[in-house]
Each structure stands twice: as structure tokens, then as C-alpha cells.
């Protein structure tokens, strides 16, 4: 399970279940991820045998990422998580709002009289 944990790994793997993607396509598909973090996470996933990186000798170089067979076998798990999140979206959203009032923004301080 450790090879799947991390803020971005699940999202990267989910995006790659849709098919082979180039680095820029992956980055655009995952709002909030930095170039540095995407690079680091892809390297870890590649090192663990979940992502295959293909470099094409072109100018400029083209790099594509795809799931390995082992990672593709996780697709039913990701689909089940997606169904679960869709089925419970309202409850999860309400719970997140209750845990972080003001949308996660700091509450204004009151001045002492």
C-alpha cells in the first residue's frame, strides 16, 4: 500500500487509466500539482513498476506515460472508489464544510471593546 500513498499518486494513476498521456497533458488534467511534484511522483511510480515512461528521440523530445499491466489491474479499484465518492458526494461535501467553516479561510478576529 505504501507505493500507492501520497497526495497525487492516486490521481496520476486514475488519469492514466484513460490512456497514454504526455507530461503536459497529465499536468493540465491534475489541477494544483506542480511540475516538480508531478515529476517526482511519476519517477516513484515508474520505479515501483506502475508507470511506463517512453522517450521518443525527436526534437523536441516527446515523453509519454502509461500504466503497466500491474497498475492497469487497479482500474476496477479506482472505478469502485469513483462510484463510492459519487454515491456519497453530498454527505462528504457537507462533512468537509462542517470541518472547515468559511471554506478553509481564517475566521476574522473580533476586536476587543
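Every number here is computed from the coordinates shown, using simple stated rules; none is lab data. No experiment lies behind these values; they were computed from the predicted model shown.
Dividing the C-alpha radius of gyration of the chain by 2.2 N^0.38 Å, with N its residue count, gives 1.40. Helical runs (DSSP H, four residues minimum) scored at -39500 (n - 2.57) apiece and divided by the length of the chain put the mean residue ellipticity at 222 nm at -14000 deg cm²/dmol.
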